[in-house]
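What follows is a single structure, written as structure tokens, with notes after it.
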Amino acid sequence: MKTKKINIKQKFSKLSEYWSPKVLAEMNDYQFKIAKIKGDFIWHKHKDTDEVFIIIEGNMKIEFRDRVLKLSEGDLYVVPKGEEHRPYSEKECKIMLVEPKGTQNTGDKRGTLTAENDIWV
């Protein structure tokens, strides 16, 4: 398999919607996804997988039922599988997610913020 260099900043410039992760690369059965986020997301959980948030640019919060976690540029956080959470960002924030292929962005919930899977940027 031939691989090529990916410029993450250039790929972010192609994103126009918030809360709509796009696949950047795959490694084994995992996908590296990027997304721009702003405002509130929904309460959800992923029953079968952890979820990794890597903050590329900006700031965000992840609300849990018992606490709020603040994340800034350069931070990485793993939400354990099964833990209900709600991401939020007051201003635009650029993030990378690392998760198994086929993981739905809204986890156990479906709605207007549920993004189509396996869309590449």
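The values are calculated or read from the model by the stated rules, or taken from the named source; none is laboratory data. Everything quoted here is computed from the prediction, not taken from an experiment. Heads up, the Cβs are rebuilt from the backbone with ideal geometry, glycines too, and the neighbour counts pull from every protein chain shown.
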Q) Do we have Lys94 as under 30 Å from Thr3 (Cβ atoms), touching a residue at least 60 places away in the same chain (Cβ under 8 Å) and in contact with a helix residue (DSSP H, G or I) (Cβ under 7 Å, 6 or more places away or on another chain) here? A) yes
Q. Can you tell me which of Gly111, Gly102 is closer than 28 Å to Lys2 by Cβ and in a loop (DSSP other than H, G, I, E, B)?
A. Gly102
Q: Return the total of residues in region 25-54 being in a loop (DSSP other than H, G, I, E, B) and in contact with a Leu (Cβ under 9 Å, 6 or more places away or on another chain).
A: 2
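Every residue, every condition in (1) basic (Lys, Arg); (2) in contact with a His (Cβ under 7 Å, 6 or more places away or on another chain); (3) farther than 14 Å from Val121 by Cα, yes or no:
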site: Ser16; (1), (2), (3): no, no, no
site: Ile34; (1), (2), (3): no, no, no
site: His46; (1), (2), (3): no, no, yes
site: Ile56; (1), (2), (3): no, no, yes
site: Val79; (1), (2), (3): no, yes, yes
Q. If Trp19 passes every condition in (1) touching a residue at least 60 places away in the same chain (Cβ under 8 Å); (2) at negative phi but one, which one does it miss?
A. (2)
Q: May I ask you to list the residues in region 73-103 that are over 16 Å from Ile34 (Cα atoms), small (Gly, Ala, Ser) and surrounded by fewer than 13 Cβ atoms within 10 Å (Cβ to Cβ)?
A: none
Q: Search region 67-121 for residues being at pLDDT below 95 and of a type in the set (Asp, Glu), and hand back the single one that is farthest from Leu24 (Cα to Cα).
A: Asp108
